Each structure stands twice: as C-alpha cells, then as structure tokens.
Amino acid sequence: MNPRLRIVPDAAPAAALTVAVISGKGGVGKTNIAVNLAACLRGRGLDTALVDLDMGLANADVLLGAAPECDLRDVLARRRALDEAIVLAAGGVRFATAALGATGPAANAIERARMIELLARVPGEVLLLDCAAGIDVNVMAFAQQADVVLVVTTPEPTAITDAYAAVKTLFCGGYDGSVRVLVNMVETRAEAREVCERLRKVCENFLDKAIADAGYVLHDTHVELAVRQRRPFAIQYPRCSASICAAAVAARLVGGRAARRTAPNFLRRVAGMFA
C-alpha cells in the first residue's frame, strides 16, 4: 500500500469529501453522471466543485455550458491565477478543467503530483473529479487518492467487464477507500441491482474486497435532450426519472447531510508520487 503524505494547502481548505468518477470504458455516460451529481449536490446546498481531469478529451464544459478561458495547466505554469481557471457553471457549480484542448495525457508523475497539490486549493465542500475513461496511470493516480471512487457502468456485458477491470486495478494499487458502483442507463431498478450484485460477488470471490451499491440512473430521453441544450438534465428537467435517480445517488453519496469539513481528504495526501 502506498504511503500517503498529508499536506496543508496555503490557500482555501481542502474539500471535506472528494469523489473520483471513473469508468472501465467510454460511452457509459460517466461525464454526464459527474456533471449531474455536481448539480444535485449543489442543489442540496453544498458548495460543490467539479474538475474535468480527462487530459485528452475533456468535455464536461460542454455539458455544463461553461466556457473557461484557461485550464489548471496554465495555473501550474504560472501563466494564470487559480481563480481565473475556476468558473461558475450551471446551477452554481464551480468548474475547472485540467487540460483545456490538450492532445495528450499528463507528462509524468511529477506533473500529476503538482496537479493534486493545486486541486487542494480549489474551494468547496465537495470536490468531484471527472477522470478519463479506462485504467491508465493518470486515472488510477487520481482515483487512488479520493475518499470515494464511483465506478460508472451500464448493463452491457463489455461495460461490466471493464468496470470490474477498473475496480481490480484500483484495489491492486492499494486503494483503501470506498468503492461504489453506479449503473447508468438501466430500464428497471431490478436490472441495476442485478448488475451491481454480479460485480459485488466477483469482487468478493476473486479480490476478497467489498464494493457498495451507489444507486442507478434510468434510461431517459430527457438526458439526450439536455446534452443538446448543453445543460445538466438535473437542472433542465428536474422532474424526469433520470434527475430523480441522480438526486437519490447524490443524497446517498453524502449520507443525506452536508459533508463535514474535518473529514480526511485526498487533497491533503500525495501518494508517493515523487518516489
């Protein structure tokens, strides 16, 4: 297990709860889930920040209708200040992107570590990290440090298989936080429970690890409509079935109450990235 070095940022206090949103494969609606969870958490009165950590195909800004003029790499390079990289997006969510228009992943472990230190200065009670799809070193490096890792999948066999691969990679890397599975685009609650139970049993039998059921989001045509309108469906269509599901997931994520500012957080920890 990697040792975690606690750091105290010079600026704003670290968020009380950090959630990394990952997926084994693309096309499962991971970013849409991250965006709408952020909107739901903000709707509950929590000061919420969302950072798009996809270094190659960042697009959370599109779903939020946000237009940041710079990214966190500009801040790391001291070309811009942090408050310039954070914009107020739909629903009052703070938003920043790690690599606006970038064509490749983070260069090395040093840059990833510096990015984590920078994230420590992002204000908010809850910080959502929209990681890239897959299980590459960048995804796992960020996810390893989160208090909660939310693994998004769909009922498709390939998505389930890749979700398990992501969970396995996470645990094999020494992760000791909470892993929760969210099943997206399901037709019924029973279908979602079946998928989650299948993953739970496999993880228990082959990894000797426990994962939790984060909830599900029903297939809903309002989701596609909201994407075209560049708005979170939880804001644009708050009474649709997908929005009701997302609100329930958000409530479960924070235990139905505001996060405690004294809770341990990955933004005070750097997992041996300089080693």
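Just a few scattered comments:
- Identity of the residue in segment 107-147, of a type in the set (Lys, Arg) and in contact with a Leu (Cβ under 8 Å, 6 or more places away or on another chain), that ends up nearest to Gly26 (Cα to Cα): Arg114
- Scan segment 193-215 for residues that are under 20 Å from the mean Cα position of the chain (by Cα), touching a residue at least 24 places away in the same chain (Cβ under 8 Å) and under 17 Å from Pro157 (Cβ atoms) and the total you get is 1.
- Pairs linking a residue in segment 69-85 that is without any contact (Cβ under 8 Å) to a residue 24 or more places away in the chain and closer than 10 Å to Ala98 by Cβ to a residue that is surrounded by 14 or more Cβ atoms within 10 Å (Cβ to Cβ) and of a type in the set (Gly, Ala, Ser), with Cβ atoms under 9 Å and 6 or more positions apart or on different chains, are Ala85/Ala96.
- For Leu267, the criteria (1) surrounded by fewer than 19 Cβ atoms within 10 Å (Cβ to Cβ); (2) at pLDDT below 95 hold in every case but one, which is (1).
- Residue match in segment 29-40 (condition: closer than 24 Å to Ala214 by Cα, at pLDDT 90 or above, surrounded by fewer than 16 Cβ atoms within 10 Å (Cβ to Cβ) and not polar (S, T, N, Q)): no
The values are calculated or read from the model by the stated rules, or taken from the named source; none is laboratory data. Please read these numbers as outputs of a predicted model, since none were measured by experiment. Methodologically, a virtual Cβ is constructed for each residue, glycine included, from the backbone with ideal geometry; neighbour enumeration extends over all protein chains shown.
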